[in-house]
Structures are given as structure tokens and as C-alpha cells.
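Below is one structure; the comments refer to it alone.
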Amino acid sequence: MTDSATKENMQFQTEVNQLLHLMIHSLYSNKEIFLRELISNGSDACDKLRFEAIGNDSLYENDGDLRVEVEFDSTAGTITVRDNGIGMSRDEVVNNIGTIAKSGTKEFLSKLTGDQQKDSHLIGQFGVGFYSSFIVADKVTLTTRRAGTAASEAVRWESDAQSGYSLEQVEKATRGTEIVLHLKEDEKLLADGWRLRNIIRQYSDHIPLPVMMHKQEEGKQAEEWETVNKANALWTRSKSDVKDEEYQEFYKHVSHDWEDALAWSHNRVEGKYEYTSLLYLPSKAPFDLFDRDTNHGLKLYVQRVFIMEDKENKLLPRYLRFVRGVLDSADLPLNVSREILQGNKIIESMKSGSVKKILGLLENMSANEPEKYQSFWKEFGKVLKEGPGEDFGNREEIAKLLRFSSTLDDNAEQKVSLPDYIARMKEGQDKIFYITADTHTAAKNSPHLEVFRKKGIEVLLLSDRVDEWLVQHLMEFDGKSLQSVAKGDLDLSKLETEEDKKEQEKVEAEAKNMVEHIKKALTDKVEDVKVSHRLTSSPSCIILGEHDMALYMQNLLKQAGHEMPTTKPLLEINPTHPLLKRMEAETDDDRFAEWASVLLDQAILAEGGQLEDPAGFVHRLNGLMLAMA
Ligand SMILES: Nc1ncnc2c1ncn2[C@@H]1O[C@H](COP(=O)(O)OP(=O)(O)OP(=O)(O)O)[C@@H](O)[C@H]1O
């Protein structure tokens, strides 16, 4: 019974329109995935029902036989996918089906190029979901009723993907969602029992829920239903019985990913606690990787019964939030609630066991398949760098997996591991040197590197946002401390020859007056002035305290509204530089002070800092240039 008075026509959110259009055109060659997506959604909906019903049995409405049904009508050219899962309320339909609530949507749409091949990958990364129906259908009718609501409160959503969608309140006796695809004229052949069975077996064999179709008898569909997929939980099978393709298909189901997984680790653990884990590393980072409220995580099962998807990083630490898969515990009670999971010993044990497995998988890959590891690093390296700060116990293992750029080749691609670096350390070198900067170019051109380049000492070039955080937590590796070349006292004495040292002493003695003079001129602006042993071709640089944050980070935090303590920098000068020689000859005190200010300001700029008085700097610089002309 339809109450036409409640029928409304609604517009799609602009992003949905764009996405629909692109999807229909870019994913055409993979059109069969629509069925996997709809079955996956149906299976998720049944999982959600099962979880909500733990505390409220009545939600089952006397039908606890959870399943997805697929029907077709070749004459009408329709395919129907039906589940008896949780269903949706009217608001949920509007929010889930008419809107894209995902973060990163704008970024995603702006990355699309119009090149079908490239775009199809991006769309896959973003998640195709329900909208993939429109690859094969020119009209889709979705009727749904949320479990626990009255039969009269069901909702029908209908769209041709062109002119928005309509919504109306309808009657639906059973809970759950039914989706009818009205196939496009040239897709009608999909409404065929044999073809649909094939697609289901190919894509949905290993979802634990039965996917059912009417039995086929004498070329006709019988009343009776049969299960088409294997419907066994893939992770419960022994490793040797599962083919790679099966692992990949299951991955796509649990992860909602479109690409193959990069690698996986499947384990049955029998110790103090018994559980199975199937952990996958994706090949591509999802768009919401850096979003605090990510939507996906590991799925927790208890004896094959779905309990929840971990969206709050209870089952894995945040720095492994890209891992997808399943943990199935034999020890947790079936009526486990989200609250119980907090601080639970069994969960903690599964968590630390899984972390070890993932780190082991990565270590193996980095040793035996370095190219594959490099592709992992490109996608997820920035996230793994959060690890040493978050997971103190595994700091050393994680550190081994980190990759950096370095002055070895100045390449922006991060390929150097800490063990590689240590193996190349100079005789007498006992520290791992690094520099942090806002960009790779700023890092590799920093004046602080001059002496290291001259002596052929490798320095790690760190320019990811997370790097400042990383070096605050990773103070040492393999007994060698990590040392910023831009902070604190630089003691390279063990790497210097007697001649070097004598030369330095001589330069220092000769520059004594000059240093005093500059110190006087900049008395309010700097903590101290010293002769530098780091510079060879730049006139000056500033040095931060051992525990100070890099200037570019200080700027970022200031912009974000944080109060930053104002510490005065230490200025180092290079007395052998022609500019300093020229200053030495300057007899006018005011002019000398101008030179000194310029020396300080340019050192701050080279460090990625911000000048308090940029116009003053430009004015002074112009004055000095004109005087020299
Ligand atoms: N059969 C269904 N039963 C209940 N809710 C559903 C069903 N299908 C979709 N939904 C709801 O609509 C939302 C959007 O579905 P959609 O398939 O577009 O994306 P998704 O499954 O969330 O993620 P992805 O885009 O990564 O596949 C789902 O998260 C779910 O809340």
C-alpha cells in the first residue's frame, strides 16, 4: 500500500551526481562487481543486525535465519537483491544513499582526470558501493525497513541516476532491504540464472552468509531456494586449502576495497587464548587514512559470529589502522559488548599477537621483496612513522621498517633504512644524523648540511609532517642516538683530523672581535653568536635548542592557534664567507647592524621560519644592495 501523499522528489548531493556519472563510465568494463557490492552490503546489514540483537532479541522478529537472496526476471529485465538484515530508517536512507558523507570526497573528485583507466582505480580506492548498481541499471528501486519498526514505516527510494531520487513511505512486512535493478536494455542478458550464479561464486563465495537463489529446474526457477555460495568462513579453513584468488576475493569483501590486497597473514593461534587472525595489507591507501573517524577496521568475530567492526582502534593500534581483516576469538563470550572490549585481556592478547604478525609480515617483505615493500611504504609509510611514538614496546621492530630520503642521493623517494644507514657510517661516527624541514627541497638545501656534505657523512632528510613527532620518540636505534644537524651543539670532533681542529681554532680566534660586534648589534634578537663549524658555503645559520621544535613546525602550530614560547635562536656565522669579510671592513656601526640583521633574517628564512618584520628585511636588503652598486 503506497501513500502517495508522502512521496517526495529529492536532489542528489552534487558530489553524488558527479560520482554517479563517472562511475557509470569508468567502471563499465568491471560491471559485474555491482553484485558483489550489493551482496556485501546485505551481508554487512545482517552482521549489524546480529550485533544489535545481542541486547534485543526481538529485532529478529522470529526470523533469525540471516541470508541474502538474489532473484531475477529475464522477461522484465530485473535483478533483485534482498537481505533480512538491519534495514534503514528514512533518515538513514537519505544520509547513506543520497549523500556521500565520506571525508576526502572533494579531494577525491578533484583528483579525477577523465582518463578511464586511472579514474577507475581512484573510484575503487574511494569505494564504489551501492552506486555501482547504476553501471548496469537505468532505474533502481530500494525498499527497506529498519528492524524493530512497524511494517508501515518502510521506505521506498527510487532513482534513474539522472534526476535525483524519490522517497515514499510504504508497507513492508519483513525487515531488511530489497533492491530491484531495472537493467539497461543492453544489460538484460545479466538476468540469467547461470550468469548470476557464476558471478556470485566468483565474488561472494567466501562471505560467511548464505547467498540464495531459487533452484533451477528444467530451465525454470523453482519455488525452492538453494545456497549458491560456499558460505563458509574462509578464515576457518586451513591455509593450505585456500587459493590466493580466494584470499583476494575475501579481502575485497571485508575491506570494501577494489584492488587486490598486497599481502596477508593467516594464523591460527593456540596458546593461552585461542583465536584465528586473517590480516591483510591493502595495496592502496584509502582516502580517509588520515581522518580521525575512519570508518573501517578489523572485524571481530566470536566463534564465527560477527560482533563488530573495529572503528576505534581497539583491536590494533592506530599506526596500523590500514590493516583489514578478521579476528575470530574462541574465548570471548558471544554476548560481548563494546564496553567489555576495553582493557579486556583476551582482546589485548589478540591485539599484541596481531601487531607482531603484521610487523613480521612487513619485515619479511622488506627483506625478500624490497620492491613490493617500497610500494607499501609509499602508501602507508607516513602512518607507520606514528608507530615508535605510539607503541613503545615494538619501537625497535618498527624502526627497522622505516625508510627515509638521505643525502646519499638526495632523492625524494624514501628508500634508506636505518640499518642501511648504520652500515655506511664513517669511522668514528657514532650518531645517526638527520634534518627535518617543511619540504624535501628545503631539507636537502639546508645550510646545516654543508659540513656533512664536505666530509661525506650521510644525513637523513626528513620532510613528512609526522617526522618531528617521530624523532621526538625515536631517540636511538641499535644503540646509536639520532641527532638533528640543526639543533644543539654539533660535536664532530671524532670525525675531524688534527688539522681540521687547528684550522677551526685559528678561524675562531681571528673572528673573535667580529662575533662580539655582531652579538652587540643583535643583542635583543639572539641568544648568542658563535663561529660555525657546520657551514662551508653559506654565511650564517641559526641553531635551535636540542629540544626545540623546528621553526616550520612552530609556524604551523602558531597558525593552528597554539601559543608557542618565544625562544631566541643561536646564530652561527661563517667568518670565511665573502659577505662576512666585507662586514669586517665595515666601519659604519649602523651599516654593520643592518648587515647583521640581514644575516640573521636570511638564516631564519633558510630554516623555514617566519620573519617578524619581513618588510624591514626587504628594505634593509635593498639598501645594502644599492650601497654595493
Ligand atoms: N542492504 C543494506 N542494508 C542496510 N544498510 C545499507 C544497505 N546497503 C547500504 N546500506 C547503508 O548505506 C551505506 C552506504 O553504502 P555504500 O555501499 O554506498 O557504501 P559502503 O558500503 O559504506 O562503503 P564502500 O563505498 O566502501 O563500499 C552503508 O554504509 C550502509 O550504512
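Values computed for the structure shown
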read-out	value
Where Gly104 falls short, out of the listed (1) modelled with pLDDT of 85 or more; (2) touching a Phe, Trp or Tyr at 6+ places or on another chain (Cβ under 7 Å)	(1)
Subset of segment 292-345 (residues that are at pLDDT below 90, under 19 Å from the mean Cα position of the chain (by Cα) and within 16 Å of the ligand (Cβ to nearest atom))	Asp293, Thr294, Asn295, His296, Gly297, Glu309, Asp310, Lys311
Pair list, Cβ < 6 Å and 6+ apart or interchain, from segment 455-474 residues that are within 14 Å of Leu408 (Cβ to Cβ) and at pLDDT 95 or above to residues that are in a helix (DSSP H, G or I) and open to solvent by 20 Å² or more (accessible area, probe 1.4 Å)	Leu461/Lys444
Residue ID - nearest to Ser265 (Cα to Cα), chosen from residues in segment 344-360 that are hydrophobic (A, V, I, L, M, F, W, C) and either free of Cβ contacts under 8 Å to residues at least 12 places away in the same chain or touching a helix residue (DSSP H, G or I) at 6+ places or on another chain (Cβ under 9 Å) (or both)	Ile358
Where Ala191 falls short, out of the listed (1) open to solvent by less than 50 Å² (accessible area, probe 1.4 Å); (2) closer than 29 Å to Arg50 by Cβ	(2)
Residue list for segment 250-288, filter: outside any strand (DSSP E or B), open to solvent by 30 Å² or more (accessible area, probe 1.4 Å) and more than 24 Å from Glu107 (Cβ to Cβ)	Gly271, Lys272, Tyr273
Given (1) part of a loop (DSSP other than H, G, I, E, B); (2) out of contact with any Leu (no Cβ under 7 Å at 6 or more places or on another chain); (3) open to solvent by less than 40 Å² (accessible area, probe 1.4 Å), index of the condition His214 fails	(1)
Test: Leu611 is farther than 15 Å from Pro447 by Cβ, surrounded by 13 or more Cβ atoms within 10 Å (Cβ to Cβ) and touching a Phe, Trp or Tyr at 6+ places or on another chain (Cβ under 8 Å)	yes
Subset of segment 580-608 [buried (at least 17 other Cβ atoms within 10 Å of the Cβ) and closer than 25 Å to Leu556 by Cβ]	Leu600, Asp601, Gln602, Ala603, Ile604, Ala606, Glu607, Gly608
Residue within segment 420-434 that is closer than 14 Å to Glu546 by Cα and open to solvent by less than 60 Å² (accessible area, probe 1.4 Å) present	yes
Listing of helices (runs of 4 or more DSSP H) fully contained in segment 514-629 that carry 3 or more residues being among the polar types (S, T, N, Q)	551-559
Test for Ser43: is it under 30 Å from Arg195 (Cβ atoms), small (Gly, Ala, Ser) and either under 31 Å from the mean Cα position of the chain (by Cα) or assigned to a helix (DSSP H, G or I) (or both)	yes
Set Lys525, Lys520, Lys530: member being in contact with a helix residue (DSSP H, G or I) (Cβ under 9 Å, 6 or more places away or on another chain), within 30 Å of His562 (Cα to Cα) and open to solvent by 70 Å² or more (accessible area, probe 1.4 Å)	Lys525
Test result for Ala509, at pLDDT 90 or above and either small (Gly, Ala, Ser) or in contact with a His (Cβ under 9 Å, 6 or more places away or on another chain) (or both)	yes
Residues within segment 75-85 that are open to solvent by 40 Å² or more (accessible area, probe 1.4 Å) and either more than 11 Å from the ligand (Cβ to nearest atom) or not assigned by TED's automatic domain parsing to the domain that holds Val155 (or both), tallied	2
The lone exception for Lys400 - which of (1) open to solvent by 70 Å² or more (accessible area, probe 1.4 Å); (2) farther than 20 Å from Glu476 by Cβ; (3) in contact with a Leu (Cβ under 8 Å, 6 or more places away or on another chain) it fails	(2)
Helices (runs of 4 or more DSSP H) lying entirely in segment 436-488 (those with 3 or more residues that are open to solvent by less than 20 Å² (accessible area, probe 1.4 Å) and on the phi < 0 side of the Ramachandran plot)	467-473
Segment 62-74 - residue that is open to solvent by 60 Å² or more (accessible area, probe 1.4 Å) and free of Cβ contacts under 8 Å to residues at least 60 places away in the same chain and, of those, nearest to the ligand (Cβ to nearest atom)	Asp65
Single match in Asp160, Asp205 (criterion: over 30 Å from Arg237 (Cβ atoms), acidic (Asp, Glu) and open to solvent by 10 Å² or more (accessible area, probe 1.4 Å))	Asp160
The lone exception for Val416 - which of (1) among the aliphatic types (A, V, I, L, M); (2) open to solvent by 30 Å² or more (accessible area, probe 1.4 Å); (3) at pLDDT 95 or above it fails	(2)
Segment 26-56 - residue that is among the small types (Gly, Ala, Ser) and crowded, with 19+ Cβ neighbours inside 10 Å and, of those, farthest from the ligand (Cβ to nearest atom)	Ser26
Hey, Leu59 under 25 Å from Ala147 (Cβ atoms) and more than 13 Å from the ligand (Cβ to nearest atom) or not	yes
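The values are calculated or read from the model by the stated rules, or taken from the named source; none is laboratory data. Predicted model, so just to flag it, every value in this text is computed and none were measured. Using ideal geometry, Cβ is built from the backbone for each residue, glycine included, and neighbour counts are taken over all protein chains shown. Protein only, heavy atoms only, side chains kept; ligands, DNA and RNA dropped before computing areas. Shrake-Rupley method; radii C 1.70, N 1.55, O 1.52, S 1.80 Å.
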